[in-house]
Amino acid sequence: MSENRYILEPYKGMNTRYFCPAPNCGKGKTFSLYIDTETGEHIHPTVGRCNRESNCGYHLTPKQYFETNKVFNYGAESRKANRKTGTDILCVKHTSSIAIDIFDKSRTAYDCNYFIQYLLSLFGKNVTIELLKKYPIGTSKYWKGATVFWQIDTHGKVRTGKIMLYNPTTGKRVKEPNHINWVHKALKQAEFELRQCLFGEHLLNCAENKNKPVAIVESEKTAVIASVYLPQFIWVAVGSLTNLNAERCNVLKGRTVILFPDLKGFDKWSSKAKELSHLAIFTVSDLLERKA
């Protein structure tokens with residue numbers, strides 16, 4: 001299945017926005033449905049994303065819907081053949097990864113990396129060096145001063161790299177215009193099959209971390225900085241409020257996990273903690289909620 005086959009329906013007026021199916025939302029004209037680009041049809045009335053990210057955050061992807069409903073599809077020819085048997089088989093391509101030499105080459109030029117400069121201003125040279133040993137952080141030329149947060153899974157595969165830009169003085173992310181991109185997109189790897197993992201997931205394999213509780217935050221920056229102040233946790237990040245899900249948390253089976261949602265995320269992550277309780281022991285902290 002091509003990553004680009006199923007997309008959120010492009011905005012063409014309010015008639016392309018619908019009622020959100022989430023029980024705690026139900027707002028009208030806020031829901032974007034996924035469409036099949038081969039047919040132009042909606043997949044299902046529940047498969048889409050609510051635009052009220054902070055207040056609702058509902059997002060059901062085509063992949064999640066297909067897996068839950070055991071719908072499979074190998075493409076147009078196979079679909080045609082499978083109609084005779086009443087089946088539809090989904091081809092899940094092998095998860096792509098970034099070449100290790102690209103990863104290695106990025107871990108230089110830290111004097112030009114604005115986020116690293118901010119870490120130096122906070123903690124000094126020695127602590128910053130230790131953070132760079134612990135977390136896979138690179139430098140990108142995509143924007144001047146840009147940072148790459150690499151996602152390495154428990155098998156040592158470099159799943160992807162998230163390119164971001166920060167203010168070297170304040171440490172705040174540069175939002176206008178948007179300064180977030182992915183390494184595979186910057187490299188124009190069109191056939192790349194992205195399947196994200198936790199930022200910091202590789203730390204779960206370290207022997208000294210075997211019995212440590214895991215702390216999950218939204219942003220990669222928060223995970224890196226919090227690891228200095230509260231080293232009793234393994235700090236990992238999911239990347240955004242809506243990225244906390246079973247697929248990413250599957251590697252946490254049997255662990256004790258504390259969620260630290262950002263402002264306006266406490267209720268959503270409290271609900272998620274209940275959904276994911278079959279995987280691990282989840283509790284939710286309101287620390288960032290109170291301090292943000």
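Here are the numbers for the structure shown:
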quantity	calculated
Global form of region 228-292, assessed from the alpha-carbon gyration tensor, a/c cut-off 1.5	oblate
Descending Cα extents along the principal axes, region 178-227, whole Å	40, 23, 12
Value of relative contact order over the chain, rounded to a whole percent, pairs C-alpha under 8 Å and six or more apart	11 percent
Largest-first principal axis extents of the Cα set of the chain (Å)	65, 42, 40
Cα-based shape type of region 106-173, given that a ≥ b ≥ c are square roots of the gyration tensor eigenvalues and the cut on a/c is 1.5	oblate
Whole-Å semi-axes of the ellipsoid equivalent to region 136-209 (Cα gyration tensor, √5λ, descending)	23, 18, 9
For region 166-273, projected area of the alpha-carbon convex hull averaged over all directions, nm²	8.7 nm²
Which of 147, 222 is most accessible, then next, and so on - probe 1.4 Å	222, 147
Solvent-accessible area of residue 114 with every protein chain in place, 1.4 Å probe, in Å² to the nearest 10	60 Å²
With eigenvalues of the C-alpha gyration tensor scaled by 5 and rooted, region 134-173, Å	22, 11, 7
Phi to ³J(HN,Hα) by Karplus 6.51 cos²θ - 1.76 cosθ + 1.60 over region 213-220, Hz, x for Gly, Pro	x, 9, 10, 10, 10, 6, 9, 4
Fraction of antiparallel bridges per DSSP, the chain only, in percent to nearest 5	65 percent
Farthest positive-ward along the chain dipole, Cα basis, beta-carbon charges - from 225, 11, 282	11
Dipole magnitude (debye, nearest 20) for the chain, charges at Cβ of Lys, Arg, Asp, Glu	200 debye
Among 99-112, 272-285, the order from most to least packed when residues are scored by Cβ within 10 Å on average	272-285, 99-112
Rounded to whole Hz, the Karplus (6.51, -1.76, 1.60) HN-Hα couplings of region 182-191, x for glycine and proline	10, 4, 5, 6, 5, 8, 6, 8, 4, 8
Convex hull volume per residue for region 97-242, taking Cα atoms only, in Å³	118 Å³
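The values are calculated or read from the model by the stated rules, or taken from the named source; none is laboratory data. Computed from a prediction, not measured in an experiment: that's the story for all the values here. FYI the Cβ positions are ideal-geometry reconstructions off the backbone, even for glycines, and counts take in every protein chain you see. The protein model used for the area step is the full one, side chains on, heavy atoms only, and it has no ligands, DNA or RNA in it. Shrake-Rupley method; radii C 1.70, N 1.55, O 1.52, S 1.80 Å.
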